[in-house]
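For reference, the structure is listed below as C-alpha coordinates.
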Amino acid sequence: MKWDTVAEFSFILGVILAVFLGTFGVASEGTYAMLMVLGCVVGLVNIFDREIQKFSQAIMMMLVSTLAFYALAAVSQNPMLMMFEHLSASVSLFIAPVAFILSAKDIYNIAMNYRKGKEQAAPRARKRKR
(Lines give C-alpha, C1' and ligand atoms only; values in the text may rest on other atoms or scores of the structure.)
Protein backbone atom coordinates (compact mmCIF):
# COMPACT_ATOMS: atom_id res chain seq x y z
CA MET A 1 0.00 0.00 0.00
CA LYS A 2 1.38 3.39 -0.97
CA TRP A 3 1.58 6.34 1.42
CA ASP A 4 -0.52 8.41 -1.00
CA THR A 5 -3.39 5.96 -0.56
CA VAL A 6 -3.02 6.02 3.23
CA ALA A 7 -3.05 9.82 3.16
CA GLU A 8 -6.17 9.97 0.99
CA PHE A 9 -8.15 7.47 3.05
CA SER A 10 -7.13 8.94 6.39
CA PHE A 11 -8.09 12.44 5.25
CA ILE A 12 -11.45 11.29 3.88
CA LEU A 13 -12.13 9.26 7.02
CA GLY A 14 -11.26 12.23 9.22
CA VAL A 15 -13.51 14.64 7.34
CA ILE A 16 -16.43 12.18 7.31
CA LEU A 17 -15.98 11.45 11.00
CA ALA A 18 -15.73 15.17 11.86
CA VAL A 19 -18.84 15.99 9.83
CA PHE A 20 -20.78 13.11 11.39
CA LEU A 21 -19.78 14.01 14.94
CA GLY A 22 -20.44 17.71 14.39
CA THR A 23 -23.76 17.26 12.63
CA PHE A 24 -25.31 14.93 15.17
CA GLY A 25 -23.68 16.57 18.19
CA VAL A 26 -22.39 13.31 19.64
CA ALA A 27 -18.88 14.62 20.17
CA SER A 28 -17.17 14.24 23.52
CA GLU A 29 -13.66 14.82 24.80
CA GLY A 30 -12.65 11.36 23.64
CA THR A 31 -13.95 11.86 20.12
CA TYR A 32 -12.31 15.29 19.93
CA ALA A 33 -9.01 13.73 20.99
CA MET A 34 -9.47 11.03 18.34
CA LEU A 35 -10.05 13.71 15.67
CA MET A 36 -6.89 15.51 16.72
CA VAL A 37 -4.82 12.31 16.64
CA LEU A 38 -6.22 11.47 13.20
CA GLY A 39 -5.33 15.01 12.10
CA CYS A 40 -1.74 14.46 13.29
CA VAL A 41 -1.60 11.21 11.30
CA VAL A 42 -2.86 12.98 8.17
CA GLY A 43 -0.34 15.78 8.63
CA LEU A 44 2.59 13.41 9.14
CA VAL A 45 1.65 11.21 6.20
CA ASN A 46 1.19 14.19 3.87
CA ILE A 47 4.61 15.68 4.67
CA PHE A 48 6.11 13.70 1.81
CA ASP A 49 3.40 14.59 -0.70
CA ARG A 50 4.58 16.05 -4.00
CA GLU A 51 1.83 18.67 -4.01
CA ILE A 52 2.32 19.82 -0.43
CA GLN A 53 1.96 23.52 -1.35
CA LYS A 54 -1.51 23.08 -2.86
CA PHE A 55 -2.59 20.84 0.00
CA SER A 56 -1.30 23.33 2.58
CA GLN A 57 -3.19 26.18 0.93
CA ALA A 58 -6.40 24.16 0.79
CA ILE A 59 -6.06 23.13 4.44
CA MET A 60 -5.47 26.73 5.53
CA MET A 61 -8.52 27.94 3.58
CA MET A 62 -10.62 25.16 5.06
CA LEU A 63 -9.45 26.02 8.58
CA VAL A 64 -10.19 29.71 8.16
CA SER A 65 -13.64 29.02 6.73
CA THR A 66 -14.59 26.64 9.54
CA LEU A 67 -13.44 29.15 12.14
CA ALA A 68 -15.50 31.84 10.40
CA PHE A 69 -18.57 29.58 10.49
CA TYR A 70 -17.95 28.92 14.18
CA ALA A 71 -17.71 32.63 14.98
CA LEU A 72 -20.80 33.43 12.92
CA ALA A 73 -22.83 30.72 14.64
CA ALA A 74 -21.67 31.75 18.10
CA VAL A 75 -22.52 35.42 17.56
CA SER A 76 -25.85 35.05 15.75
CA GLN A 77 -27.58 32.60 18.13
CA ASN A 78 -29.70 31.51 15.15
CA PRO A 79 -30.93 27.93 15.73
CA MET A 80 -30.13 26.95 12.16
CA LEU A 81 -26.58 28.23 12.48
CA MET A 82 -26.07 26.49 15.82
CA MET A 83 -25.66 23.25 13.89
CA PHE A 84 -22.69 24.84 12.09
CA GLU A 85 -21.12 25.68 15.45
CA HIS A 86 -20.69 22.01 16.36
CA LEU A 87 -19.84 21.02 12.80
CA SER A 88 -17.16 23.66 12.37
CA ALA A 89 -15.69 22.92 15.81
CA SER A 90 -15.22 19.25 15.01
CA VAL A 91 -13.84 19.92 11.52
CA SER A 92 -11.45 22.54 12.94
CA LEU A 93 -10.19 20.09 15.55
CA PHE A 94 -9.36 17.66 12.75
CA ILE A 95 -7.83 20.25 10.40
CA ALA A 96 -5.77 22.27 12.92
CA PRO A 97 -3.11 19.57 13.58
CA VAL A 98 -2.78 18.97 9.83
CA ALA A 99 -2.23 22.68 9.22
CA PHE A 100 0.25 22.94 12.10
CA ILE A 101 2.38 20.01 10.94
CA LEU A 102 2.42 21.10 7.29
CA SER A 103 3.26 24.71 8.17
CA ALA A 104 6.06 23.54 10.48
CA LYS A 105 7.45 21.48 7.57
CA ASP A 106 7.26 24.52 5.26
CA ILE A 107 9.05 26.72 7.81
CA TYR A 108 11.76 24.08 8.19
CA ASN A 109 12.23 23.93 4.40
CA ILE A 110 12.44 27.73 4.18
CA ALA A 111 15.07 27.83 6.93
CA MET A 112 17.15 25.09 5.30
CA ASN A 113 16.99 26.79 1.89
CA TYR A 114 18.02 30.10 3.48
CA ARG A 115 20.97 28.43 5.21
CA LYS A 116 22.07 26.74 1.98
CA GLY A 117 21.86 30.07 0.18
CA LYS A 118 24.07 31.76 2.77
CA GLU A 119 26.60 28.92 2.61
CA GLN A 120 26.78 29.16 -1.17
CA ALA A 121 27.10 32.94 -1.08
CA ALA A 122 29.95 32.96 1.47
CA PRO A 123 32.68 31.49 -0.85
CA ARG A 124 31.76 33.95 -3.60
CA ALA A 125 32.05 36.88 -1.20
CA ARG A 126 35.51 35.73 -0.06
CA LYS A 127 36.74 35.52 -3.67
CA ARG A 128 35.64 39.10 -4.35
CA LYS A 129 37.56 40.45 -1.34
CA ARG A 130 40.91 39.08 -2.59
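Odds and ends about this structure:
- Once the C-beta distance of Met80 and Gln53 is scaled by a Förster radius of 30 Å, the resulting FRET efficiency is 0.25 to the nearest 0.05.
- In this structure segment 6-130 gives 67 Å² per residue of accessible area when probed at 1.4 Å with all protein chains present.
- Simple rule: put +1 on each Lys or Arg Cβ and -1 on each Asp or Glu Cβ in the chain, find the dipole, and look at Asn113, Val91, Met36; the Cα lying farthest toward the positive end is Asn113.
- Solvent-accessible area assigned to carbon and sulfur over segment 32-118 amounts to 74 percent, based on a 1.4 Å probe.
- Karplus-derived 3J(HN,Hα), 6.51/-1.76/1.60, for each residue of segment 64-70, Hz, glycine and proline x: 5, 5, 5, 5, 5, 4, 4
- Paired Rg and Dmax values of the chain, which use every Cα atom, in angstrom: 20.0, 75
- Phi-based couplings in Hz for segment 92-103 (Karplus 6.51, -1.76, 1.60; Gly and Pro marked x): 5, 5, 7, 7, 4, x, 4, 4, 5, 5, 5, 5
- Each stretch of four or more DSSP H residues adds -39500 (n - 2.57); spread over every residue of the chain, this sum gives -32000 deg cm²/dmol at 222 nm.
- Integer Hz, Karplus 6.51/-1.76/1.60 couplings in order for segment 3-13, x for Gly and Pro: 5, 4, 5, 4, 5, 4, 5, 5, 5, 4, 4
- Pairs of Lys residues in segment 18-128 that lie 8 or more places apart, or on two chains, and have C-alpha atoms under 21 angstrom apart add up to 5.
- Computed magnitude of the charge dipole of the chain (debye, nearest 20; Cβ of K, R +1, Cβ of D, E -1): 1680
The values are calculated or read from the model by the stated rules, or taken from the named source; none is laboratory data. Source: prediction; values computed, not measured. Every residue, glycine among them, receives a Cβ derived from its backbone with ideal geometry; neighbour counts consider all protein chains shown. To get the accessible areas, we keep the full protein, side chains included, count just its heavy atoms, and leave off ligands, DNA and RNA. Shrake-Rupley method; radii C 1.70, N 1.55, O 1.52, S 1.80 Å.
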